[in-house]
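**Q** The following block contains the structure, expressed as structure tokens.
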2 protein chains.
Amino acid sequence: MLHHHHSVTCRHHDKHSAQEVLDEALHRAKDGGLRRTRALEDVLRILIASHQPLNLADISESKGLKSGADRATVYRLLVKLEERGIIRRLGLHDRSTYYTMLEHDRHDDYLICTGCGRIQRLDIQCPVEALERDIEKASGFKKLHHELEFYGLCPKCA
Amino acid sequence: MLHHHHSVTCRHHDKHSAQEVLDEALHRAKDGGLRRTRALEDVLRILIASHQPLNLADISESKGLKSGADRATVYRLLVKLEERGIIRRLGLHDRSTYYTMLEHDRHDDYLICTGCGRIQRLDIQCPVEALERDIEKASGFKKLHHELEFYGLCPKCA
DNA sequence: ATACATGCAAACATTTTGCTTTGGC
DNA sequence: GCCAAAGCAAAATGTTTGCATGTAT
């Protein structure tokens with residue numbers, strides 16, 4: 001349950017430094033059989049630095065992509081990273097697919113303006129964790145995770 | 001909170017008959033300035049009959065589309081129906097956009113298999129309603145609604 | 001040395017639009 | 001009769017793949 005005197009928007013108080021998160025991700029990528037290339041590091045760094053989900057265009061056109069890697073390269077990296085559970089795919093109402101880092105001790109829900117498309121990470125205690133475990137048991141589905149987004153009109157667009 | 005002795009899957013016990021839902025939707029469409037065409041009725045009927053979200057291809061190739069309406073026609077109807085709050089768009093992890101009827105007294109959450117793509121409506125009491133109202137107040141966003149999906153591997157695919 | 005990663009270009013899937021004709025009100 | 005809706009076809013958008021070449025291990 002959310003307390004009204006707390007901000008509902010993201011406070012960006014990461015538990016781990018960007019460097020730690022990167023090292024961990026690179027380690028997991030290596031274990032997953034990926035080679036340590038410039039493009040891989042760039043993509044991870046960009047995702048870690050972003051406080052929003054990013055899509056393929058965002059990443060492949062990012063200033064942070066020092067290697068200047070091709071769209072196809074970035075695409076293939078994203079697929080591999082997702083398969084290995086290092087990043088997560090999100091289906092926001094945009095035509096494109098969004099990605100975020102998947103950090104163990106953090107879960108993100110989003111608040112999205114249907115007018116301007118602004119995506120805001122919510123700093124809330126997610127209320128569906130218990131439910132998720134129940135559904136896992138009751139349905140026989142394995143490795144459950146969830147996606148929760150709130151849509152509405154932001155103050156500017158309303 | 002879900003009780004373990006209850007099924008977690010949809011029981012299809014609609015509170016209103018399909019005809020009632022259709023009449024209500026047509027009425028709201030009319031109020032929204034839409035003309036009562038064959039294609040409109042077909043699209044609504046198809047959505048009402050479906051116990052799953054449907055995408056543009058599903059609808060425009062459906063047997064139920066007696067009028068044989070064009071893809072573009074169906075597309076434009078879907079846009080108009082969504083603008084008027086009669087149907088809802090969903091961003092499932094598929095490449096396409098899905099739609100469902102938006103019924104006042106029903107809220108749908110989904111369980112989706114990341115292996116075979118099967119979409120299952122969940123018959124649960126959604127735990128985020130209260131949170132939604134809090135976020136609405138705290139964020140200044142208007143007309144909030146949410147989308148909640150659980151992803152995982154179904155028994156067959158696991 | 002080998003297998004994986006990359007770049008480029010082309011193929012795909014799906015959505016979206018322009019324009020003319022049709023049809024509901 | 002007027003304006004919205006439909007039909008057809010083409011454009012736009014974003015993703016995905018094939019293949020020759022480069023590069024990490």
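What follows is calculated from the coordinates using simple rules that are stated; it is not laboratory data. Given the structure is predicted, the values throughout are model-derived calculations rather than measurements. Reconstructed Cβ throughout: ideal geometry from the backbone, glycine too, with neighbour counts over all protein chains shown.
**Q** Consider B:Leu78 carefully, then state whether it is more than 9 Å from DNA strand C (Cβ to nearest atom) and closer than 28 Å to A:Asn55 by Cβ.
**A** no
**Q** What are the residues in the range A:68-78 that are part of a helix (DSSP H, G or I) and more than 15 Å from A:Leu26 (Cβ to Cβ), if any?
**A** A:Arg71, A:Ala72, A:Thr73, A:Val74, A:Tyr75, A:Arg76, A:Leu78
**Q** Let me ask another. If we only count strands (runs of 3 or more DSSP E) wholly inside the range B:79-158, which ones have 3 or more residues that are more than 10 Å from chain A (Cβ to nearest Cβ)?
**A** B:98-101
**Q** Just for the range B:76-95: of the residues that are out of contact with any strand residue (DSSP E or B) (no Cβ under 8 Å at 6 or more places or on another chain) and basic (Lys, Arg), which one is farthest from B:Gly33 (Cα to Cα)?
**A** B:Arg95
**Q** For the range A:40-78, how many residues meet the condition of being polar (S, T, N, Q), within 11 Å of DNA strand D (Cβ to nearest atom) and either surrounded by fewer than 20 Cβ atoms within 10 Å (Cβ to Cβ) or within 14 Å of chain B (Cβ to nearest Cβ) (or both)?
**A** Residues flagged as polar (S, T, N, Q), within 11 Å of DNA strand D (Cβ to nearest atom) and either surrounded by fewer than 20 Cβ atoms within 10 Å (Cβ to Cβ) or within 14 Å of chain B (Cβ to nearest Cβ) (or both) within the range A:40-78 amount to 3.
**Q** Considering (1) in contact (Cβ under 8 Å) with a residue 40 or more places away in the chain; (2) assigned to a helix (DSSP H, G or I); (3) farther than 25 Å from A:Leu92 by Cβ, say which one A:Ile59 fails and leave the rest.
**A** (3)
**Q** Could you list, in sequence order, the residues of the range A:88-131 that are touching a Cys at 6+ places or on another chain (Cβ under 9 Å), of a type in the set (D, E, K, R) and either over 28 Å from A:Ile59 (Cα atoms) or surrounded by fewer than 20 Cβ atoms within 10 Å (Cβ to Cβ) (or both)?
**A** A:Arg118, A:Arg121, A:Asp123
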